[in-house]
Amino acid sequence: MFATKVLRASAAAAHAERTPMIKFLGKRSVPANIDHTPHVHPASPTSELPKDFTSSSTSFSSYRQQAQQHGPLGRSRPADGSIGGHSGHSLGPVTPAKGEYFDRSELPARFHRTPIDLSEIDAIETGGATLVC
Amino acid sequence: MLRSLLVPRVAARSFKQSSSLPSVVAPASIARLSRRSYATETEQQDLVIIGGGVAGYVAAIKAGQEGLKVTCIEKRGVLGGTCLNVGCIPSKALLNNSHLYHQILHDTKARGIDVGDVKLNLTQMMKSKDTAVAGLTKGVEFLFKKNNVNYVKGTASFTGEHEVKVNLSEGGETSITGKNILIATGSEATPFPGLEIDEKRIVTSTGAIALEKVPETMTVIGGGIIGLEMASVWSRLGAKVTVVEFLGQIGGPGMDAEIAKSAQKILKKQGIEFKVNTKVMGGDASGEKIKLEVEAAKGGKQETLESDVVLVAIGRRPYTAGLGLENIGLETDDKGRMVIDQEYRTKLPHIRVIGDCTFGPMLAHKAEEEAVAAIEYITKGHGHVNYGAIPSVMYTHPEVAWVGQNEQELKASETKYNIGTFPFSANSRAKTNLDTEGMVKILADAETDRILGIHIIGPNAGEMIAEGTLALEYGASSEDVARTCHAHPTLAEAFKEAAMATYSKAVHF
């Protein structure tokens, strides 16, 4: 009897000496509170996100404040002489003065005539005959 | 009839100005036709994935399983990306079969096997590799169907923040919109300045797995994992291989210095010549042999290396060309990586990036982990990747594998640690296999005994590192591993014994 007690006690003591560092985690669940604000990626070589990262990702309006298209889109930016720096209204009318004409080739490329090749011209002039003959 | 013949050509036409042409067709109608395309407007997807490599296809399957309406766009024509088509998988097929060939040639007598005339059939070896690749890529395609993933073959580029234009491989184009977009375009081999890659004589890893004959001589620029694996293949098949490495140690970043030294010694014994601390100054491929000018990295002794084939294996770089990132204001960092936050989001939060084209090691299994995590972030708002527990494996013989920190890193961070090592020469299974080169090395925190790093060189190291990664992931101590029963006789016992040696003493050494 006594020997068994001693053995049991020593066995318990032996187990108590060491607690495995591995913990049973159980079934994983999504944490209740997650901070979704952008932070630096754990494998990133730098310790911070680019400046335009945090602000633009919160809403479209804040993105628009940062966005550029022929100059800044945001209206709060002061006029700095660059394209888009002044409102169109303040630049005056765009219609040509009397006797003045714009040539299509002076307009931005997207307004130019699209090129067509000779075979297409032939096709149109012959009603498509050159394509099928 | 005429309309159907004309429209495709007109639609495909560029907008370049040609002022000399007469205005035969009214400009307005031309403009209308120019806007016309083959586009078949599809319904908006929950997720559009650009890239069908390991990162992209795993994300696509996971997204399908989670019930998302998902489209995966791949331009290669087959799924699996670099890993399945020209990377991990074909190289392992060649490594395994070249090892068998080499073993039959040189390592049978002591085992009591007399073999006759042994011949290499390289064409068949390549076919065997291709069969493995084809089987796996088709398997992925099957998984796409099984999980309702819409697969589009073509080249994608951004036309809007939610819109992607795809130039279809079969011709024409389509436009796909997605609530979320995942970029997983992978990486490409970094070229060496001054050496023009032709994938025949001057090759990257892509060409190195498809050489038509065994070269007499081969020079490998870069002693990292890819370089050493390919050096092993062609050396085993009969080429005289020289590896030129700029740094003082082989194996690339992360490999423990002691293990790297041991690997170099063993590979040298196998016939591979090493030139470490050596830089390549330039090359000349005009002659029958390719000439490489090399000199000591710190300046000094110059030498010319002549070889039939040069393998450029100096690393890989992110591949985002043609994506049209500029159209949506996304940028890459100085190394071409796309910048992301902790949830893989770019500054446009519905566009995420995973795999080789962003931060972290360029490893297929890292990309897979990120793929699952990224989908979980989209669907559940929470994902998990432990960047401190991503294993690396070099599939030479013996294999080299590691996870966690190495000794150099621990010294640099002034962490106090214990080391436990166990050689395979004292492991019963390694002895019976007559394959005893290498050892297991475990690094654990001196105070808590928590395992900080595991480094293995030896047979089956790549399989054995899984146990180490699990231990690291769950914060195990070396004693936790040492007190876990391992079957006898197995190579894994060396792992247990190294853990015993870390916190106490190994029994069999």
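Here is how the numbers come out for the structure above:
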| item | result |
| --- | --- |
| Qualifying residue in the stretch B:145-157 (condition: in a loop (DSSP other than H, G, I, E, B) and out of contact with any Pro (no Cβ under 6 Å at 6 or more places or on another chain)) | yes |
| Residues located in the stretch B:107-138, provided they are surrounded by 13 or more Cβ atoms within 10 Å (Cβ to Cβ) and among the small types (G, A, S) | B:S128, B:A132, B:A134 |
| Residue check, B:G116 closer than 20 Å to B:G186 by Cβ and either more than 22 Å from the chain's Cα centre (by Cα) or not in a strand (DSSP E or B) (or both) | no |
| Number of the exception - B:E407 against (1) under 28 Å from B:M362 (Cα atoms); (2) touching a residue at least 12 places away in the same chain (Cβ under 8 Å); (3) out of contact with any Asp or Glu (no Cβ under 8 Å at 6 or more places or on another chain); (4) surrounded by fewer than 22 Cβ atoms within 10 Å (Cβ to Cβ) | (3) |
| Qualifying positions in the stretch B:349-392 - in a strand (DSSP E or B) and in the same structural domain as B:E161 (by the TED database) | B:I351, B:R352, B:V353 |
| Count of residues meeting criterion [closer than 22 Å to B:H99 by Cα and assigned to a helix (DSSP H, G or I)] in the stretch B:233-259 | 5 |
| Residue match in the stretch B:260-277 (condition: touching a residue at least 60 places away in the same chain (Cβ under 8 Å), out of contact with any helix residue (DSSP H, G or I) (no Cβ under 8 Å at 6 or more places or on another chain) and in a loop (DSSP other than H, G, I, E, B)) | no |
| Residues that are in a loop (DSSP other than H, G, I, E, B) and more than 25 Å from B:N121 (Cβ to Cβ), drawn from the stretch B:207-232 | B:G222, B:G223, B:G224 |
| Condition met for B:E161 (over 20 Å from B:V54 (Cα atoms), touching a residue at least 24 places away in the same chain (Cβ under 8 Å) and assigned to a loop (DSSP other than H, G, I, E, B)) | yes |
| Subset of the stretch A:46-60 [part of a loop (DSSP other than H, G, I, E, B), at pLDDT 80 or above and more than 7 Å from chain B (Cβ to nearest Cβ)] | A:T46, A:S47, A:E48 |
| Within the stretch B:454-479, considering residues that are of a type in the set (V, I, T) and outside any helix (DSSP H, G or I), the one nearest to the other protein chains (Cβ to nearest Cβ) | B:I454 |
| Selection from the stretch B:463-497 of residues that are closer than 17 Å to B:E399 by Cβ and out of contact with any helix residue (DSSP H, G or I) (no Cβ under 8 Å at 6 or more places or on another chain) | B:E463, B:I465, B:A466, B:T469 |
| Count of residues meeting criterion [within 7 Å of chain B (Cβ to nearest Cβ), in a loop (DSSP other than H, G, I, E, B) and either more than 44 Å from the chain's Cα centre (by Cα) or at pLDDT 85 or above (or both)] in the stretch A:115-125 | 1 |
| B:T484, sole failed condition from (1) within 14 Å of chain A (Cβ to nearest Cβ); (2) assigned to a helix (DSSP H, G or I) | (2) |
| Flag if B:E343 is surrounded by 15 or more Cβ atoms within 10 Å (Cβ to Cβ), in the same structural domain as B:L105 (by the TED database) and farther than 30 Å from B:H106 by Cα | yes |
| Residues (over 28 Å from the mean Cα position of the chain (by Cα), buried (at least 22 other Cβ atoms within 10 Å of the Cβ) and not hydrophobic (A, V, I, L, M, F, W, C)) located in the stretch B:463-492 | B:S477, B:S478 |
| Sole exception among (1) on the phi > 0 side of the Ramachandran plot; (2) facing another protein chain (nearest Cβ under 8 Å) for B:G355, by number | (2) |
| Where B:D334 falls short, out of the listed (1) assigned to a helix (DSSP H, G or I); (2) out of contact with any helix residue (DSSP H, G or I) (no Cβ under 6 Å at 6 or more places or on another chain); (3) acidic (D, E) | (1) |
| Of the criteria (1) away from chain A (no Cβ under 12 Å); (2) closer than 17 Å to B:G51 by Cα; (3) not in a loop (DSSP other than H, G, I, E, B), which one B:G322 fails | (3) |
| Flag if B:A430 is within 21 Å of B:K261 (Cβ to Cβ), more than 26 Å from the chain's Cα centre (by Cα) and not in a loop (DSSP other than H, G, I, E, B) | yes |
| Given (1) within 24 Å of B:I226 (Cβ to Cβ); (2) in contact (Cβ under 8 Å) with a residue 60 or more places away in the chain; (3) in contact with a strand residue (DSSP E or B) (Cβ under 6 Å, 6 or more places away or on another chain), index of the condition B:V86 fails | (3) |
| The lone exception for B:H350 - which of (1) in contact with a strand residue (DSSP E or B) (Cβ under 6 Å, 6 or more places away or on another chain); (2) away from chain A (no Cβ under 14 Å); (3) touching a residue at least 24 places away in the same chain (Cβ under 8 Å) it fails | (2) |
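Table: residues versus (1) under 19 Å from B:Y57 (Cβ atoms); (2) out of contact with any helix residue (DSSP H, G or I) (no Cβ under 9 Å at 6 or more places or on another chain).
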| position | (1), (2) |
| --- | --- |
| B:R76 | yes, no |
| B:L105 | no, no |
| B:I113 | no, no |
| B:Q124 | no, yes |
| B:V133 | yes, no |
| B:F142 | yes, yes |
| B:K153 | yes, yes |
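Conditions (1) surrounded by 18 or more Cβ atoms within 10 Å (Cβ to Cβ); (2) away from chain A (no Cβ under 14 Å), marked per residue:
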position	(1), (2)
B:A371	yes, yes
B:G388	no, no
B:Y395	yes, yes
B:E399	yes, yes
B:V403	yes, yes
B:S425	no, yes
B:D449	yes, no
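The values are calculated or read from the model by the stated rules, or taken from the named source; none is laboratory data. Computed from a predicted structure; not experimentally measured. Quick reminder, even Gly has a Cβ in these numbers, built from the backbone with ideal geometry, and neighbours come from all protein chains shown.
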